[in-house]
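Reviewing the structure listed below.
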Amino acid sequence: MPPYIDRMNRPKPAGKRVRVILLTQVIGPLDYRLPDWMDAQVGSVVVVPLGPRKMVGVIWDEGVFGDEAVEEHRLRNLLEVVDVPPIKTGLRRLVDWVADYYLSNHAAVLRMVLSSSAALSAGGTVTEYRPSGVEPARLTPQRAAALDALVDAQGLVRELADQAGVSEAVIRGLVKAGALEPVTVSIDAPFVAPDPDHDHPELSDLQEAAAKVMRDAVKAGQFEPIVLDGVTGSGKTETYFEAVAEALKNGKQVLVLLPEIALTQPFLQRFEARFGVEPATWHSGMKQSQRRCVWRGVAEGRVQVVAGARSALFLPFANPGLIVVDEAHEISFKQEDGVRYHARDVAVMRGKFEGFPVVLASATPALESRHMVSIGRYKGLEIPSRFGAAKMPRIAAIDLTQDQPERGHWIAPTLLKALEERLERGEQSLLFLNRRGYAPLTLCRNCGHRFECPNCTAWMVEHRLVRRLACHHCGHVMPPPDACPECCAEDSLVPCGPGVERICDEVNRLLPEARTIVATSDTLWSPEKAAEFVALVENKAVDIIIGTQLVTKGYHFPELTLVGVIDADLGLEGGDLRAAERTFQQIAQAAGRAGRAEKPGEVYIQTRNPSHPVIAALVDGDRDGFYDAETEQRRRAGAPPFGRFAAIIISSEDEREAIEAARAVGGSAPEVEGMHVYGPAPAPLAMLRGRHRQRLLVHAQRSVELQDIMRAWLGGLEFPRGVRIGVDVDPYSFL
Ligand code: ADP
Ligand code: ZN
């Protein structure tokens, strides 16, 4: 049909077709009409009609999705454009990449970008009033006095009334008379800009050399992944702050990713000391109003620096110039639910799409990152010694088979003696054990009954401080029972093995004069709690800290000179892909807390196996030797970074359903050269939150187009409603 006939028959509504991604995973992208009178572009956040409802979405680029176009006559108009800056091209490409690489979908990833619904709602302004210079027609003495009091004032009616000491009616009268004029003000609090020259530290030569490379990279404004590999106490923070300063001088925004909320507070203080103000923060504990404020500030370019958890990675920076991932080796950067992404890798991709350097800072870089440096893909910067007079601590192993703790105790005589010496000298110590609570297992001495979580394949962990047993997987809690639920024996329940609380008990018994503190995610669960903890230690109100991995990184306590690792063998059990690397990192980080100022540090590692390569490397200070051997092993096994893994996790409340679904997945696995599928098998964590779990593991050579193959494979299957299929690309957890 020639176009003019169409035009004659049915006048075509004015506007053009756009594709919109909705924030719901149930519905893929849909086409709408952007009416001519509406001002929107690709990336604009819009409200669209969906059946009788309204939904938020984002106009996406043509060509990203296939052409399942809605017919012209069924196109509906966009309803409105949300008053926030459009999502920029680079961030849109990042969303595409994350959805594709992690086998997720655009809606789920986009929800992480539009992470503050409050930021999208209008009403971000209030009306304030100020003197207009117009004299009111009727100037009563009261009005005159009020105007005198309000020269240079501006505020809400209520605030002005307070300030002038008159009633609100008087102020409203002045508004009506034109003597006070309205001003529209954003309720989004302004952010004070950090000052790059506020307090310059004098960098050491080693620091300056690294800082210069990073400054130049920021100035160049191009993608450049950089691994800042500096020993503990080398001053990595001071050094990368120079790159932050450079970004600020160039009018660019900066994101610093931190692995734990507990590390935020000390970071904020150091930032303020260097730049005069605290940066904005972003983490899951924030109020809606705070999220709105930061999200909008970031999008409008008013926020210069954000320090945040991994979710900050998806903030819509207007003008990003640098991302720093601090403690970049930390596995808490891996998200384990929803979109299973690794923030370290996504940070690098963001730098690539938006054209700026990304700094991965760590004293114990991930093997993958070191590999990228060795093949020349990332730039490597090293700071091989501590700042100032501080020396690396002396590290020794304690062979628990020789140097035995008393029965029912966990602190060996040598470590105890070292603790006593520190107490006498008024210095501080840290005991590291990566187990929260009092005891990991409670059992009945009479019948052998073990307390298990009803929802998970896991033991209930005793937490004596709060008097209960808790499941660390699902949060299920129960009061500590008086009698065994199985055999009814009383006083027959015994705790097995130590957690940090139990070690604390032991210290209190052996060294009653010592002031102790337990530091775990149970006790330092908010930035405020973490700040209290830091203050206590800094003010020397604590002699001995007993903590999990939470206190083994980031903190700088000058008076801390002894670190004791209670059980170095703990992390080496289980044989997961990264067990050795992770244990090495954790102990090296814990050791790195000792002797960070003038007083020398000493570290004792308790183990039953002092000749284990990990322990030997730590004692000999042979980091490179350890990494090289570990890298070689991975190469031989075709494990990451030389080959790739992807896990498929199938779960259902019904065990048979889970097993059958897993078999269907396994049975339909495609035959691909260079790819092998293991399983299905029950997951080690066979039940989690009441769901039965089965796992498959896909192992592939790097040349295999893993995502495409898996999408085609899994996309062709259908499952009962109760079955959930999760894909974990580059998995870190194998439970
Ligand atoms: P890392 O993160 O590498 O373990 P930090 O950044 O915590 O090390 O630095 C260790 C300590 O040395 C901190 O107290 C820090 O303030 C101090 N420091 C590092 N570099 C300098 C410098 N150039 N001038 C003054 N103090 C420094
Ligand atoms: Zn549980």
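The values are calculated or read from the model by the stated rules, or taken from the named source; none is laboratory data. A quick note: this is a predicted structure, and the numbers were derived from the prediction, not measured. Because the Cβ atoms are built from the backbone with ideal geometry, glycine has one as well, and the counts that use them run over all protein chains shown. These area figures cover heavy atoms from the full protein model, side chains too; ligands, DNA and RNA do not enter into them. Shrake-Rupley method; radii C 1.70, N 1.55, O 1.52, S 1.80 Å.
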Checking Lys219, Lys252 in turn, the sole residue that is open to solvent by 10 Å² or more (accessible area, probe 1.4 Å), under 21 Å from Met349 (Cα atoms), at pLDDT 95 or above and in contact with a strand residue (DSSP E or B) (Cβ under 8 Å, 6 or more places away or on another chain) turns out to be Lys252
Residue hits (segment 656-710; more than 18 Å from Pro731 (Cα to Cα), of a type in the set (A, V, I, L, M) and either part of a strand (DSSP E or B) or more than 32 Å from the chain's Cα centre (by Cα) (or both)) are Ile659, Ala661, Ala664, Ala669, Val672, Met687
With criteria (1) in contact with a helix residue (DSSP H, G or I) (Cβ under 6 Å, 6 or more places away or on another chain); (2) open to solvent by less than 40 Å² (accessible area, probe 1.4 Å), Phe353 comes up short on (2)
The one condition His283 fails out of (1) in contact (Cβ under 8 Å) with a residue 24 or more places away in the chain; (2) under 23 Å from Ala530 (Cα atoms); (3) within 16 Å of ligand 1 (Cβ to nearest atom); (4) surrounded by fewer than 22 Cβ atoms within 10 Å (Cβ to Cβ) is (3)
Those residues of segment 565-620 which are surrounded by fewer than 20 Cβ atoms within 10 Å (Cβ to Cβ), of a type in the set (D, E, K, R) and in a helix (DSSP H, G or I) amount to Asp620
Checked pairs for segment 627-650, first part of a helix (DSSP H, G or I), second basic (Lys, Arg), C-beta under 9 Å and 6 or more apart or across chains, list as Tyr627/Arg370; Thr631/Arg370
(1) of a type in the set (Val, Ile, Thr); (2) modelled with pLDDT of 95 or more; (3) surrounded by fewer than 24 Cβ atoms within 10 Å (Cβ to Cβ) all hold for Ile331 apart from (2)
The residue that is farthest from Ala519 (Cα to Cα), considering only those in segment 435-482 that are of a type in the set (Lys, Arg), within 15 Å of ligand 2 (Cβ to nearest atom) and open to solvent by 80 Å² or more (accessible area, probe 1.4 Å), is Arg450
Restricting attention to segment 505-559, the residues that are open to solvent by 30 Å² or more (accessible area, probe 1.4 Å) and hydroxyl-bearing (Ser, Thr, Tyr) number exactly 3
Within segment 705-735, the residues that are of a type outside the set (S, T, N, Q), more than 22 Å from Asp654 (Cα to Cα) and surrounded by fewer than 18 Cβ atoms within 10 Å (Cβ to Cβ) are Glu705, Asp708, Ile709, Arg711, Ala712, Trp713, Gly715, Gly716
Test Met392 against the stated conditions and say whether it is over 27 Å from the mean Cα position of the chain (by Cα) and farther than 30 Å from Gly497 by Cα. yes
A careful count of residues in segment 426-465 that are without any contact (Cβ under 8 Å) to a residue 24 or more places away in the chain and among the basic types (Lys, Arg) gives 1
If we keep only residues of segment 227-254 that are closer than 14 Å to Gly321 by Cα and of a type in the set (Val, Ile, Thr), then the residue farthest from ligand 1 (Cβ to nearest atom) is Val254
Flagged pairs (Cβ under 9 angstrom, 6 or more apart or on separate chains; first in segment 376-391, in contact (Cβ under 8 Å) with a residue 24 or more places away in the chain; second within 10 Å of ligand 1 (Cβ to nearest atom) and basic (Lys, Arg)) are Ile383/Lys236; Arg386/Arg596; Phe387/Arg596; Ala390/Arg596
Going through segment 55-92 in order, the residues found to be open to solvent by 60 Å² or more (accessible area, probe 1.4 Å), closer than 23 Å to Glu354 by Cβ and touching a residue at least 12 places away in the same chain (Cβ under 8 Å) are Glu62, Lys88, Thr89
If we keep only residues of segment 377-388 that are part of a loop (DSSP other than H, G, I, E, B) and open to solvent by less than 60 Å² (accessible area, probe 1.4 Å), then the residue nearest to Leu203 (Cα to Cα) is Gly388
Checked pairs for segment 26-54, first open to solvent by 50 Å² or more (accessible area, probe 1.4 Å) and aromatic (Phe, Trp, Tyr), second in a strand (DSSP E or B) and modelled with pLDDT under 95, C-beta under 9 Å and 6 or more apart or across chains, list as Trp37/Gly15
I'd like to check something: does segment 167-182 contain any residue that is closer than 21 Å to Phe356 by Cα and either buried (at least 19 other Cβ atoms within 10 Å of the Cβ) or touching a Pro at 6+ places or on another chain (Cβ under 6 Å) (or both)? no
